[in-house]
Amino acid sequence: MHHAVLIDHEFAVAQDGYIVRALVRLTGHAPAQQNRVPINISIVLDRSGSMAGEKLEAARDAAAFLIQRLAPEDVVSVVAYDDGIDTIAMPATGTQQGYVTPLLGRIGPGGSTNLSGGWLRGRELVASHKRTGAVNRVLLLTDGLANVGITDPALLCGLAGGAKREGITTSTIGFGADYDEALLRGMADAGGGNTWYIERPDQAPGVFEEEIEGLLSLAAQNVAVEIRPSPLVKLVGVHNDYPHADLPGNARRFELGDLYAREPKSMLMEFFVPAIEAGVPTDIAKVRVHAHVLTDAGAIERQEIVFSVATPLDRAGHAEPEVRREVLVLAAARAREEAVRRERMGDRDGAGRVLREVSRMISVAPPEIATGLADQVAELAASAEAVMSSGFSEADRKYEAQRSYNARRGKQAYDDKLRRPR
């Protein structure tokens, strides 16, 4: 696991101090294929009545694609749920995996949505073959609301969190416009996995591909970052959206989950430093990164990286283009989320203004900063017009929220697949 730091600063006259932004990027190297971490996964598919037709067919096909990417030593099982729970395929390895794909064709639409029952059965199957050093994961898909069994979001997220502490993680996939995105995101965050959105059936293979490609390129697990500011320095915040907890001394710990070789992790930190003598190198913060890293030999070892965020500060400031670009990308992400919040409250004009403002902010940025963001400018402006004229549909809300999530979690490859055609 490696790290790189880019630092940008400017003097804030009104506050008599410096705004310092540090962009930290963590990268990892996946072991060779023969030494990669084995996978133990249960695919848990919603087969409630609303999944009938194209959605269920796409989900079955995408699950088959995922299974075909597994190695003989990997373990896979399949659960289908509506108001009842069916184990379609018990945990299988080796040649037995070939018998799982035809069984997916037997999954037909049913009744209500016992999401908790499906997830619990998937967890049970993963636990029965859990291996230390493996990725033990439940992949939960639904297109609706949990309306049978345990339906309290706090309890469901608590269950996912408890499973994570036992070494079983949870990723979630929302299909269509009617699922509970807050619940699925909460379960994925508590469960240490990913959350995905399938807007159209043809996107299902791409989403399953993102999940399995990530697991196949796993470089480190349980990545956590602790930020401890120097005396008199204030941690204003982190622009990304990772689960976090406060620590003594204005410090904070962020849980970044798994690190994949194909997907670096980025954090944009912002600090306030009171006015000091210009040009003096300043220690702004200590950063400590913990992770369980996969070695080339196929072992897992706990590693820790400690480094300083430090730079000379002067009133002329220093603009780092890559940092400034990340500021714009994450500002757009927050604007999408804020627009959805305002639109839900009935403030369409406010939602449109938020999107317009960030679209303009990106459009006037210097070319070296706004490189590659022209599509974002156009899409934000179009979303502003749409919400002000007719409001968001439920599909629009989920789309904007997922685009925001992707940017704040660094899921660029998936974001490209999710993006609507202009």
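The values are calculated or read from the model by the stated rules, or taken from the named source; none is laboratory data. Everything numeric in this text was worked out from a predicted model, so none of it was measured. Here the Cβ is made from the backbone with ideal geometry for all residues, glycine too, and neighbour counts use every protein chain on show. Ligands, DNA and RNA are excluded from the accessible area calculation, which covers all protein heavy atoms including side chains. Shrake-Rupley method; radii C 1.70, N 1.55, O 1.52, S 1.80 Å.
Dipole check for segment 337-422: with +1 at the C-beta of Lys and Arg, -1 at the C-beta of Asp and Glu, and the Cα centre as origin, the magnitude is about 240 Debye.
Take Leu139: with every protein chain present and a 1.4 Å probe, its accessible area is about 0 Å². In a simple Cβ point-charge model (Lys, Arg +1; Asp, Glu -1; nothing else charged), the chain has a dipole of about 380 debye relative to its Cα centre. The candidates Arg409, Arg353, Arg25, Arg165, arranged from most to least accessible area with a 1.4 Å probe in the full protein assembly, appear as Arg165, Arg353, Arg25, Arg409. Ligands, DNA and RNA excluded, the heavy atoms of His239 present near 30 Å² of accessible surface to a 1.4 Å solvent probe. Straight-distance candidates among the aspartates and glutamates for linking to Lys130, with alpha-carbon spacing under 12 Å and chain neighbours fewer than 8 residues away dropped: Asp74, Glu166. Heavy-atom accessible area with a 1.4 Å probe sorts Arg21, Arg422, Arg302, largest first, into Arg422, Arg302, Arg21. Take the Cα radius of gyration of segment 24-65 and divide it by 2.2 N^0.38 Å, N being the number of residues; the result is 1.86. log10 I(q)/I(0), Debye, Cα-only the chain, no solvent, q = 0.10, 0.13 Å⁻¹? Computed log10 I(q)/I(0) values: -0.74, -1.18. When Rg and the Kirkwood Rh are both derived from Cα coordinates, the Rg/Rh ratio for segment 289-364 amounts to 1.23.
When the solvent-accessible area of segment 137-295 is split by element, carbon and sulfur atoms take up 56 percent of it, the probe being 1.4 Å. Between Asp61 and Ala245, the contour length at 0.36 nm per residue exceeds the Cα-Cα span by 62.3 nm.
Rolling a 1.4 Å probe over the protein heavy atoms gives the chain an accessible area of 41 Å² per residue. Evaluated at q = 0.16 Å⁻¹, the base-10 log of the normalised Debye intensity for segment 270-422, with identical point scatterers placed on the Cα atoms, takes the values -0.96.
Size of segment 53-115: Rg and Dmax of its alpha carbons, in Å, are 12.1, 35.
Dipole magnitude for segment 1-98: computed about the Cα centre from +1 point charges on Lys and Arg Cβ and -1 point charges on Asp and Glu Cβ, it is near 340 debye. Note on segment 102-235: Kirkwood radius taken over Cα pairs, Stokes-Einstein applied at 20 °C and 1.002 mPa s, translational D equal to 131 µm² s⁻¹. Ordering of 1-14, 37-50, 284-297 by packing is 37-50, 284-297, 1-14, highest average first (other Cβ atoms within 10 Å, averaged per residue). Surface composition of segment 336-422: carbon plus sulfur atoms hold 52% of the accessible area, using a 1.4 angstrom probe and ignoring ligands, DNA and RNA.
Ranking Val78, Phe254, Gly174 by Cα position along the charge dipole of the chain, where only Lys, Arg, Asp and Glu carry charges on their C-beta atoms, puts Phe254 farthest toward the positive end.
Segment 329-355 and segment 157-229 have Cα centres spaced 24 Å apart.
Among Gly352, Gln412, Ala381, which residue has its Cα furthest toward the positive end of the charge dipole of segment 332-422, with +1 on Lys/Arg Cβ and -1 on Asp/Glu Cβ? Result: Gln412. Estimated from helices alone, the mean residue ellipticity of the chain at 222 nm is -11500 deg cm²/dmol (sum of -39500 (n - 2.57) over DSSP H runs with n ≥ 4, per residue). Compute the helix-to-body angle for 153-165: its Cα long axis versus the longest principal axis of the chain, expressed 0 to 90° and rounded to tens. So the inclination is approximately 90 degrees. For segment 220-345, the Kirkwood estimate of the hydrodynamic radius, built from every pair of different alpha carbons, is 16.8 Å.
Between Leu155 and Arg262, full extension at 0.36 nm per residue minus the direct alpha carbon distance yields a gain of 35.2 nm. Calculate how steeply helix 348-363 sits against the longest principal axis of the alpha-carbon atoms of the chain, using the helix alpha-carbon long axis, and give the answer as 0 to 90 degrees to the nearest 10. Result, in degrees: 60. Taking every alpha-carbon pair under 8 Å whose residues sit at least 6 apart, segment 245-371 reaches a relative contact order of 17 percent.
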